[in-house]
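Report on one structure; see the data block that follows.
The values are calculated or read from the model by the stated rules, or taken from the named source; none is laboratory data. All values reported here derive from a predicted model rather than from experimental measurement. Cβ sites come from the backbone with ideal geometry, for glycine too, and all protein chains shown count toward neighbours. Accessible surface areas use protein heavy atoms only, side chains included; no ligands, DNA or RNA. Shrake-Rupley method; radii C 1.70, N 1.55, O 1.52, S 1.80 Å.
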Amino acid sequence: MAVFVALGAFLMTLAGGWTAQRVTDRRHLVLGLAGGLMLGVVGLDLLPEALRAADREIFGVPAALLLFVAGFLLAHLVERTLAARQAAHGAGDHHNHRAPEVGLTAAAAMVGHSAMDGVAIGAAFQVGTGMATAVALAVIAHDFADGFNTFTLTSLYGNDRRRAIGMLVADACAPVVGALSTAFFHIPEPVLGGYLGLFGGVLLYLAAAEILPEAHHEHPARSTLLCTVAGAAFVWLVVGLSGG
């Protein structure tokens, strides 16, 4: 049953990526929506779960929040280092400084997150039907956003369509692999919480420093802002329907 639910997540992820491909003529709206989805996933889904799972404090600060800040700074460091390296080799204007490796790394993190979704599905079915239903609803709904963001992130940083589709397929398969893995091992909650905190910091950096500024660069339209708000509101709805 867990694998069957994960197959639903597989299809929703592909649907999200397909949607991102089909609206390329409204790129600013796609990026605005992606930024809102990422903001909602971080603030309303990843961070609360990370704080719950990794409840340890380090020098008075929750470990998950320390890793969240570390993830933000790590993404900034990697992005700036790769951009500076490209500039040193005579790259063109600012937008061409976007390093494809950043997009692939971010998409790989999305794949890792989707695998954890699959693990969550498998673990929930071990707990009971009620828990499994709530987790399945949350995972299947927000995997649409994951697929949308995976394709958008990979493409935004200059990777070709073949690579973007490859990362999308990997992201779609990850929940199935994660669900299957629960038959063989268990990830300790503190480790999972720390990973979610770190990943949340990376996503927030990409949303705030890259995705949203790019969305408003050439089309500072009200519709772009509305897409961002709609993306965050959609995640809120998903979290609320799943019971948090």
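Structural remarks
- Here Asp117, Asp146, Asp171, Asp160 are screened, and the one residue that is modelled with pLDDT of 85 or more and not basic (Lys, Arg) is Asp171.
- Scanning segment 211-226 for residues that are open to solvent by 10 Å² or more (accessible area, probe 1.4 Å) and within 17 Å of the chain's Cα centre (by Cα) yields a count of 1.
- Residue within segment 56-64 that is at pLDDT below 85 and open to solvent by 50 Å² or more (accessible area, probe 1.4 Å) present: no
- Single match in Ala230, Ala164, Ala208 (criterion: surrounded by fewer than 21 Cβ atoms within 10 Å (Cβ to Cβ), aliphatic (A, V, I, L, M) and closer than 22 Å to Leu14 by Cβ): Ala230
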